Each structure stands twice: as C-alpha cells, then as structure tokens.
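The values are calculated or read from the model by the stated rules, or taken from the named source; none is laboratory data. Every value quoted in this text rests on a predicted model; they were computed, and no experiment measured them. Cβ atoms come from the backbone with ideal geometry, glycine included; neighbour counts cover every protein chain shown. What goes into the accessible areas is simple: the full protein's heavy atoms, side chains included, and nothing from ligands, DNA or RNA. Shrake-Rupley method; radii C 1.70, N 1.55, O 1.52, S 1.80 Å.
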Amino acid sequence: MSKSVSGKPSISQWKAYQGAYDYFNKELFNGELASCILNFSRHGKTYGFFVPHQWTASNGDETTCHEISLNPDQLARTAVESLSTLVHEMVHLWQQDFGKPSRRTYHNTEWAGKMESIGLIPSNTGQSGGKKTGQKMTHY
C-alpha cells in the first residue's frame, strides 16, 4: 500500500516552481521577464510548453498573461533536466516579449542564440552536433 502525501502538496509544488522561475528570471534574464501562469499539464510527450497570452484578467480589462507548463510525468528526471526545461520555456517567453517569435512550435535562430547566451545549447538530438533550430527541439 502506498503512503499518502501529507500537508498541502499543491502549494509546496507551486512555491518551488515559482521560486525557480523567479531565480532564473533574475539570474539569466536580468529580471526582465513578465510574471506568467505556471502550470502543470500532461500535454502529449513534451517536457513542457509555452503559450503566449493564454490567460485573461477576470475583470474584463483585456490584460493577458503568458503560460509556461511543465509535464509532471517528466519531473522524475534530475533537477537539472527538469529545471532546464523551465528555462527553455522561459526563453520562449523572452522571445515573445523581446524578440520575434517564429511560427508555432518552431525554434528559430533567435531562440537558439538566446538559449546559447544563457548556457543551454539547443539540439534536436539533445547532444552535441544536433541541429540548433527546428520543430522538435531540446538542449544540453
């Protein structure tokens, strides 16, 4: 029989997620990134995804907010792997607000350049020598 989690695991998980976002925003993006909705979603086989302007304010003023979502099935990976996925998605947010995003789900040269500038090397294979741009991308 498995043991149930005690306390408030949702709050603990989101506090950790928000703390990681805030840390990387400060250290890698000079605090420039806007706040966004941080979410968990079992969306296909992806590690995570970014959706621009996904959420709107409930007061009707048409303010929008971006979303970054991580796949909870992938959180069993190492902390470095899981957190690098968060940063990968943060680069999409950066590009949305400060660059020129490419078509949906495509990773262009501007995105690849920003990834490299913060220490993640884009690769379609996840290893050295892979293509740095494309539809399905990861990093090392």
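Numerical summary
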| quantity | calculated |
| --- | --- |
| The chain, accessible surface, carbon-and-sulfur percent (1.4 angstrom probe) | 51 |
| Antiparallel content of DSSP bridges confined to segment 1-132, in %, to 5 | 60 |
| At most 11 other Cβ within 10 Å, DSSP loop - trypsin sites (Lys or Arg not before Pro), segment 82-130 | Arg103, Arg104 |
| Largest to smallest principal axis extent of the C-alpha atoms in the chain, angstrom | 45, 45, 29 |
| Cβ-placed point charges (K, R +1; D, E -1), dipole of the chain about Cα centre in debye, nearest 20 | 560 |
| Solvent-accessible area per residue for the chain (1.4 angstrom probe, square angstrom) | 63 |
| Label-point separation, Thr105 to Ala79 (7 Å along Cα→Cβ), nm | 3.3 |
| Segment Ser58-Gln18, extension gain: residue separation times 0.36 nm, minus the distance between their alpha carbons | 12.3 nm |
| Proximal lysines relative to Lys100, as straight alpha-carbon distance under 24 Å, when same-chain residues fewer than 8 apart are discounted | Lys26, Lys114, Lys131, Lys132, Lys136 |
| Over the chain: helical MRE at 222 nm, DSSP H runs n ≥ 4 each giving -39500 (n - 2.57), nearest 500 | -12000 deg cm²/dmol |
